[in-house]
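Participant: Provided herewith is a single structure, encoded as C-alpha cells, for subsequent inquiry.
The values are calculated or read from the model by the stated rules, or taken from the named source; none is laboratory data. These numbers were taken from a predicted model, which means no experiment stands behind them. Positions of Cβ are backbone-derived with ideal geometry, glycine not excepted, and every protein chain shown enters the neighbour counts.
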Amino acid sequence: MQLQKLFAAGIEGVNGYLVTVEVNRQAVGSGAGRTTVVGLPDNAVRESVERIKPALFSNYLHNKQNDNITVNLAPAHKRKEGPSFDLAIALGIAATMDGPPDDREKDNKFDQLPTDTLFLAELALDGTLRPVHGALAAAQAAVDAGLTRMVVAPENGAEAAIIDDLEVYTFTTLKEVADAIRTGWGQALSSPEPATHTEDHPDMSDVRGQEHAKRALKIAAAGGHNTLFIGPPGSGKTMLARRLPGILPPMTTAEALEVTRIHSVSGLLSNHDGLIQQRPFRAPHHNTSDAGLIGGGSMPKPGEVTLASNGVLFLDELPEFNRRTLETLRQPLEDGHLIVSRAAGRLTFPSRCMLIAAMNPCPCGYLGHPSRRCTDNNNAIHNYRNRISGPLLDRIDIHLEVPAQSPQQIDDGQAGDSSEDIRATVNQARARMINRQGCSNAELSGKLLQQHVQLPEDAKQLLHQAVDELGLSARAYDRIRKVARSIADLDNRDNISIEDISEAIGYRLLDRQT
C-alpha cells in the first residue's frame, strides 16, 4: 500500500493535540530515494529519519527499495517538536513497503494500520522505545478525538493509563509493536493507584515559637491567601514557608490531573510515576528571568508560576528579584491563568497558586533586631522596599512580621501542633468554604464576595477607618474582608466579627509602614 495514515500527538502549551501522520511512498526510476518530513517539523523531527532507518533495519521491517518517501504531519500550521513522532513515522514507512521481502521480513509485513490508536514514543537506533514528555496530555487528546487505544514506551505507561476510556499498551521494541498490529494487542494496562506520587514535607512541629506566624500561615492555608514574611535573617521565614504544603488541603482529582499534566509536559515527571497527589512547591532563584518565572520562548513552555499551579510559589529574598520580572506576576496572581501571545497564536497557562514571599526589613537585614544594630539609613531602607511595587503588594493578602528569636526563646518555645493536626483544621475550614460558595475565600470576587462576606456595622466602620488612615486601595479593602472570612471559617463561625476584621487589618504590615 502506497499511502498510510496513523496518529501521533503534539504538545501546545500544557495541552496535547492530535497529529495525523501521513506516509506516502513513490518509486523512482533510478538512483537513491530520499525521505522528506513536512508539516512544520523542528530539527528533532527532521532528524527522526536518521534514527528510524536503522531502527527499521534492526527490527526487519525495511526492504531494499530506494523509493522517495514523504511524511506529512497534519495540521501543517502547527509546529511539531521533539522525538515523540518517531514510532508513528516508522510504522507508517514500514506499512508502505511492497515487493518481495526477504526471509527475515516476510513475517513482519502488514498492510493496514489501526485508525483508532495513538502511537507515541522515541526510537533508539536498535528499535527500542524510549519515553517522551507529555504522555498524559497526549492521552487526553486521544480520548477527546475519539481514539480508544494508545501505544507508549514502558516508562510512560503509568501516566498515560491515568486517563479513563483509553486502553494503554506498552512495548519494548518496534518489532513488538508491529507484531501486536498483526496478531493482537494483548493485555492493556490498568489505571494506577490514586496515590502513586507523594513527598514528605517537613513538619510544622519543628518550628518552636513564632506562634503569630504559625497562626497567619494557618489562615493563609485555609483560605488560599498570598502571604509575605518580613523579618531578619534566621528568623524562620523559609522554615515556615517550606512547611506550608504539608498543611494544605489535598488536591481534587481535577487538580491532580492538571498538576501531573503540567509536570509531564515539562519533563519533570519521573519514569513510572502516575498521578501526582502532593501539591507542588516551587522556589526559583531570584535571578530567574521573565520567561523562567511566567513561561515563554519561541515555542512557549510553562514557567515557575505554572509549575506551582494548585500549589505554592515561594519567592525568597523578594526585593532581589528583577522588578520587571516581579511585575509579570500581577496578572497571573489576579486571574489564576496567564496568556502568552506569539505570532503563531495565543496559549493559556494555568497559574492558580499561592504566592509565599520572604524579605528582610532592610538591606542589611537587621532593622528592629533586638541585639544587632541596623547599618542602613532611611533612604536605603525606602529604596530597598520600593523595589516591590504597590500593585504587587496589593495582591498579597497577608503581610506578616517574623521577628528574630533569642536562643532562650527557641529553647523554651512550644513545639506546637503537628502538620497533620493543623491540616485537619484547615481541611474543615476549606470544606466550609467549598460547601458555601464553591471556591476558597481567596478566589471570591464580584457577587460571590458581596454575598458571602457580610460585615456587621462595627466591623464595617473599623475597616473604613483603616482604609482612610492607611490609604488602602479597593483591592486591599476586598482582600482584608476575604482574610477575615477565612479567620471566621477557621473558628467554625458563620458570621464575621469585629475581632476578625481587626486581625485581618493587622496583616497589612507594609501598608502601615508606608
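Participant: Check A221, A158, A178, A213 and return the single one that is farther than 29 Å from G274 by Cβ, part of a helix (DSSP H, G or I) and either in contact with a helix residue (DSSP H, G or I) (Cβ under 8 Å, 6 or more places away or on another chain) or not assigned by TED's automatic domain parsing to the domain that holds D316 (or both).
Facilitator: Going through A221, A158, A178, A213 in turn, just one is farther than 29 Å from G274 by Cβ, part of a helix (DSSP H, G or I) and either in contact with a helix residue (DSSP H, G or I) (Cβ under 8 Å, 6 or more places away or on another chain) or not assigned by TED's automatic domain parsing to the domain that holds D316 (or both): A213.
Participant: Also: Among the listed residues R282, R342, identify the single one that is in contact with a strand residue (DSSP E or B) (Cβ under 8 Å, 6 or more places away or on another chain), assigned by TED's automatic domain parsing to the domain that holds N226 and among the charged types (D, E, K, R).
Facilitator: The conditions single out R282.
Participant: I would also like to ask the following. Please state which one of A283, A254 is at pLDDT 90 or above, over 24 Å from D489 (Cβ atoms) and under 14 Å from the mean Cα position of the chain (by Cα).
Facilitator: The match here is A283.
Participant: Something else about it: Residue check, S235 against (1) in a loop (DSSP other than H, G, I, E, B); (2) of a type in the set (S, T, Y); (3) surrounded by fewer than 19 Cβ atoms within 10 Å (Cβ to Cβ), all met but one. Which one?
Facilitator: That leaves (3) as the condition not met.
Participant: Only one residue in A27, A8 is of a type in the set (A, V, I, L, M, F, W, C), in the same structural domain as T172 (by TED's automatic domain parsing) and over 30 Å from P350 (Cα atoms). Which one?
Facilitator: Result of the check over A27, A8: A27.
Participant: Suppose we filter segment 113-155 for residues that are part of a strand (DSSP E or B) and either buried (at least 24 other Cβ atoms within 10 Å of the Cβ) or polar (S, T, N, Q) (or both); how many remain?
Facilitator: Residues flagged as part of a strand (DSSP E or B) and either buried (at least 24 other Cβ atoms within 10 Å of the Cβ) or polar (S, T, N, Q) (or both) within segment 113-155 amount to 10.
Yes or no, residue by residue, for (1) more than 23 Å from A222 (Cα to Cα); (2) surrounded by fewer than 21 Cβ atoms within 10 Å (Cβ to Cβ); (3) touching a Pro at 6+ places or on another chain (Cβ under 9 Å):
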site	(1), (2), (3)
D335	no, yes, no
V340	yes, yes, yes
T348	yes, yes, no
S351	no, no, yes
L355	no, no, no
A358	no, no, no
G368	yes, yes, yes
R373	yes, yes, no
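Listed here are the residues, each with its yes/no results for (1) within 28 Å of P319 (Cα to Cα); (2) outside any helix (DSSP H, G or I); (3) modelled with pLDDT of 90 or more.
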{"position": "I381", "(1), (2), (3)": "yes, no, yes"}
{"position": "I396", "(1), (2), (3)": "yes, yes, yes"}
{"position": "A404", "(1), (2), (3)": "yes, yes, no"}
{"position": "Q409", "(1), (2), (3)": "no, no, no"}
{"position": "A415", "(1), (2), (3)": "no, yes, no"}
{"position": "R423", "(1), (2), (3)": "no, no, yes"}
{"position": "V426", "(1), (2), (3)": "no, no, yes"}
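Participant: Can you list the strands (runs of 3 or more DSSP E) found entirely within segment 302-366 that contain at least 3 residues being more than 17 Å from the chain's Cα centre (by Cα)?
Facilitator: By residue number, 354-359.
Participant: Now for a separate question. Only one of R475, R430, R436 is farther than 26 Å from L318 by Cα, outside any loop (DSSP other than H, G, I, E, B), touching a residue at least 60 places away in the same chain (Cβ under 8 Å) and assigned by TED's automatic domain parsing to the domain that holds I356. Can you tell me which?
Facilitator: Of R475, R430, R436, the one residue that is farther than 26 Å from L318 by Cα, outside any loop (DSSP other than H, G, I, E, B), touching a residue at least 60 places away in the same chain (Cβ under 8 Å) and assigned by TED's automatic domain parsing to the domain that holds I356 is R430.
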